[in-house]
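Asks: This is the structure I want to talk about, given as structure tokens.
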Amino acid sequence: MDGYSIRAVALAIEAPTKWLDNLLSHHAVPGVQRSTRGVERRISLNSLAVIAVVRILSQELDIAQARAVELALGLDAATSGTQRIRFSSGISVEVPIDTILARTRARLGDALEATSHIRRGRPRSKPTAHE
């Protein structure tokens, strides 16, 4: 699966890497590649939209992360335009998916330039003068 790194996505959604890593550790988001320890997760473009909405709901509306994930997953990230989240009380919130995705994609371009691949594990030892 091709995708984006945790660090690049965190920069694109203006979130600490630790916040994003915790989100993905505790909540299943479709399109996020999970692997074994030491292998960096990869995040698909559709997952990027869901994660960006979760961040906005968590930060701007002070919604608990678990509930924000549930609400974001209820939206169709593949559909452009504005979608509504309706609460049982009758209150609704408009979510401009295309605007959020366009803004996040623009930031992602900058984030990809700013982040480079970091090797995992121990660094290779340098050859000594005797070798």
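Asks: Consider Gly90 carefully, then state whether it is on the phi > 0 side of the Ramachandran plot and modelled with pLDDT of 90 or more. Full working, then the answer.
Replies: Numbers: on the phi > 0 side of the Ramachandran plot: yes; modelled with pLDDT of 90 or more: yes.
Taking the combined requirement at face value, the residue satisfies it.
Asks: Let me ask something else. I'd like to verify a number: residues in segment 55-104 that are surrounded by 13 or more Cβ atoms within 10 Å (Cβ to Cβ), charged (D, E, K, R) and in contact with an Asp or Glu (Cβ under 8 Å, 6 or more places away or on another chain), how many?
Replies: Final tally of qualifying residues: 1.
Asks: Let me ask something else. Would you pick out the residues in segment 52-97 that are closer than 17 Å to Leu20 by Cα and basic (Lys, Arg)?
Replies: Arg55, Arg67
Asks: Restricting to segment 1-54, and then to whatever is of a type in the set (Asp, Glu) and modelled with pLDDT of 90 or more, can you tell me which residue is surrounded by the most Cβ atoms within 10 Å (Cβ to Cβ)? Working first, answer last.
Replies: Our first condition is that a residue be of a type in the set (Asp, Glu); within segment 1-54, this holds for 2, 14, 21, 40.
Now restrict to residues that are modelled with pLDDT of 90 or more: 14, 21.
Values: Glu14: 13, Asp21: 15.
For segment 1-54, the residue satisfying everything is Asp21.
Asks: Enumerate the helices (runs of 4 or more DSSP H) found wholly within segment 14-102, keeping only those where 1 or more residues are within 17 Å of Tyr4 (Cα to Cα), more than 13 Å from the chain's Cα centre (by Cα) and touching a residue at least 12 places away in the same chain (Cβ under 8 Å). So that I can check it myself, show each step before the final result.
Replies: Working: elements: 17-26, 45-60, 65-73.
It comes to none.
The values are calculated or read from the model by the stated rules, or taken from the named source; none is laboratory data. Keep in mind it's a predicted model, so treat the numbers as computed, not measured. We place every Cβ from the backbone using ideal geometry, glycine too, and count neighbours over all the protein chains shown.
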